[in-house]
1. Restricting attention to region B:344-354, does a residue exist that is aromatic (Phe, Trp, Tyr) and outside any helix (DSSP H, G or I)?
2. Only one of (1) within 14 Å of chain A (Cβ to nearest Cβ); (2) surrounded by fewer than 20 Cβ atoms within 10 Å (Cβ to Cβ) is not met by B:Ala22, so which one is it?
3. Looking at B:Gly342, B:Gly284, B:Gly288, B:Gly351, which is the one that is under 43 Å from the mean Cα position of the chain (by Cα), within 13 Å of B:Thr24 (Cα to Cα) and more than 14 Å from chain A (Cβ to nearest Cβ)?
4. Residues of region B:259-274 being in contact with a helix residue (DSSP H, G or I) (Cβ under 8 Å, 6 or more places away or on another chain) and either assigned to a helix (DSSP H, G or I) or under 21 Å from B:Gln52 (Cα atoms) (or both), which ones?
5. Please verify whether A:Gly132 is in contact with a strand residue (DSSP E or B) (Cβ under 6 Å, 6 or more places away or on another chain), away from chain B (no Cβ under 12 Å) and on the phi > 0 side of the Ramachandran plot, treating the condition exactly as stated.
6. Any residue that is crowded, with 16+ Cβ neighbours inside 10 Å, within 21 Å of B:Val49 (Cα to Cα) and touching a Pro at 6+ places or on another chain (Cβ under 9 Å) - is there at least one of those in region B:177-197?
7. Taking into account only those residues within region B:303-331 that are of a type outside the set (D, E, K, R) and part of a loop (DSSP other than H, G, I, E, B), which is farthest from A:Phe90 (Cα to Cα)?
8. Considering only residues that are open to solvent by 50 Å² or more (accessible area, probe 1.4 Å) and touching a Pro at 6+ places or on another chain (Cβ under 9 Å), look in region B:225-242 and name the one that is farthest from B:Gly122 (Cα to Cα).
Amino acid sequence: MEAVVQLFGIERVYRMGSVAVHALRGVDLAIYPGEMVAIMGPSGSGKSTLMHIMGLLDRPTAGRYLLEGQEVHRLGDSALARLRNRKIGFVFQAYNLLPRATALENVELPLMYAGVVRGRRQRAMDALERVGLGHRLRHRSNQLSGGEQQRVAIARALVNNPSLILADEPTGNLDTKTSQEIMALFRQLQREGMTVVLVTHEPDIARWAERVVVMRDGRIIEERRDGHDPVG
Amino acid sequence: MTLWDSVLTALRALTVNRLRSALTLLGIIIGVGAVIALMSIGRGARQTVTEQIQGIGSNLLFVTPGQATVGRVAGAASLASLTTEDAANLANLPSVSAAVPRVSFFGQVVNGPLNARAQIVGTLPQYLEVRNFQVAQGSFIEEEHTITGALVAVLGANIAAQLFPNDDPIGKTVSINRRPFRVIGVLAPRGGTGFNIEDDTVVVPLTTAVRRLQVRRSTSGGIAVDLIYVQARSSAVMEQARQEVTEALLERFQGNTDAFTIVSQQEVLQALTQVTNSFTLFLGAIAGISLLVGGIGIMNIMLVSVTERTREIGLRKAVGARRRDILLQFLLESSALGLVGGLVGTAVGYGLARVVERFSIGGQNLRAYVAPDVVLLAVGVSLAVGLFFGLYPARRAAGLDPIQALRYE
């Protein structure tokens, strides 16, 4: 089976004045369709940088990145924007919804940038239905609870049928119970065939993934496939 | 992203901060309103001047005696170079239908306790037709009056109203420079507005003016006059008439081109139009400064908006917005401010122009003409101002790094 993400010797060096900071020092990683992978590590380990590169928000200094078999590390800005739009769905710790827009409008946003006009509303409604928010379509995001806002963000991430959902500390702002609900939602999406990559530093959250990648100092130091489902 | 979606997104962003958008708009509204109001006053002045010059008569040449100069001092004797005889000769030229001489000076016109300062015009009966005047009451001066030098006067509309507020002036006696004149007629007002004194004149026979009111001698016989109105047979032969008049006068003055000056109505009009155009431009430029300030207001608010919405911009980029999508969105916001400001400003400017028309300066009503090209210009400029001052903030937004933008607090 072809991997969704294939990383070969990815390096990322930031220049802070005259000092070079090595955020990633050669990362090799493959993520296959339908997988749920948690990337763990202390802050400064490079896990966020890795996620930004996988999400095409950042470019590696060295190395190759194949997204569904396509070389993407040398594409231009517009091509990357297009790939982000079609192939990647982001879920952030702070939800990043447009505060005055309704749940529907927020979910429509990626479709808008995809140039979809016909059936846009329906697709956004379906996505919200899928995350269990069919009854909250017209609520503005600042009228929703944290858990509901994150569900809207997840609906937004999956509305364009991406190849990959990237979630950066998706439960970081939520209480334990809501966190469990959100993780159960990710598991459900995974069962439906979605590929999910989580970045987290909480073992409780990482446990939901079947595969855990641990990073330190810009390298992968451990990979386990021992994740088990605490609910089922 | 479709253009329609971009427009809707931009308009929504503007309605989120209503007060702020309204205040920014106000800057543009004031600027455009001022441009339109002031330029309309300039255009109104041009229209007034044009009508006034055209109202003097049609197809006219103004022939005046030249002021020959000695050193840089005007020679007094040379002032009176044109005479009634010259006028009579010019009237016989083939392209000329009439040539009417005129002398004029200011004088005091008195009726009992009432008095008025008037321009006294001494001329011939043809003056009425050449100058396009109408007689409202009584009659105009006649051939007989000029032959005898009769003490008769025709009053301009304003003078008649001032000296005879309640009664009929016809047949009454007024004194002009302490000599009694019988009023035989009243001219119809020129009407309209402007800076003219046409309704403040008193017309008397030429001979009377010269013999009884003012003494002037010619250098070469006849009565010296200070202006001859030459009317061409049609507008088509204006140039020809001018040529004939020039030749005739050159012959008469033995080739001395300084002895007379010929100015056509068209030239007077052009000169005055140039003046009023400069005036309009000057007013527009002053008002343009406030439009510029309005534009800076747009830039200011757009910069604030970009900073405030940094995270939103990062999110939009993360879900697939390209640089140009972001650029377009912010440019649409700023140009919408410019355009709406321009349209509302036009309405305000129109209103101001109407208000200005209620005022008068020196008894003359101000006139404002809201010209379509001025409106187009003002709206176009305000749209351009929105685009121009929106460009820098929009580029800044489009160039934001999505990772930094998403982390921005």
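1. No; the residues of region B:344-354 include none that is aromatic (Phe, Trp, Tyr) and outside any helix (DSSP H, G or I).
2. Unmet condition: (1).
3. On inspection, the qualifying residue turns out to be B:Gly342.
4. Passing the criteria: B:Ala259, B:Ile262, B:Ser264, B:Gln265, B:Gln266, B:Val268, B:Leu269, B:Leu272, B:Thr273.
5. Considered against the rule, which asks whether it is in contact with a strand residue (DSSP E or B) (Cβ under 6 Å, 6 or more places away or on another chain), away from chain B (no Cβ under 12 Å) and on the phi > 0 side of the Ramachandran plot, A:Gly132 comes out as no.
6. No - not one qualifying residue is present in region B:177-197.
7. If we take residues in region B:303-331 being of a type outside the set (D, E, K, R) and part of a loop (DSSP other than H, G, I, E, B), then B:Ala321 is farthest from A:Phe90 (Cα to Cα).
8. Only one residue tops the list, namely B:Gln240.
The values are calculated or read from the model by the stated rules, or taken from the named source; none is laboratory data. Model, not experiment: these values are computed from the prediction. Reconstructed Cβ throughout: ideal geometry from the backbone, glycine too, with neighbour counts over all protein chains shown. With ligands, DNA and RNA removed, areas are computed over all heavy atoms of the protein, side chains included. Shrake-Rupley method; radii C 1.70, N 1.55, O 1.52, S 1.80 Å.
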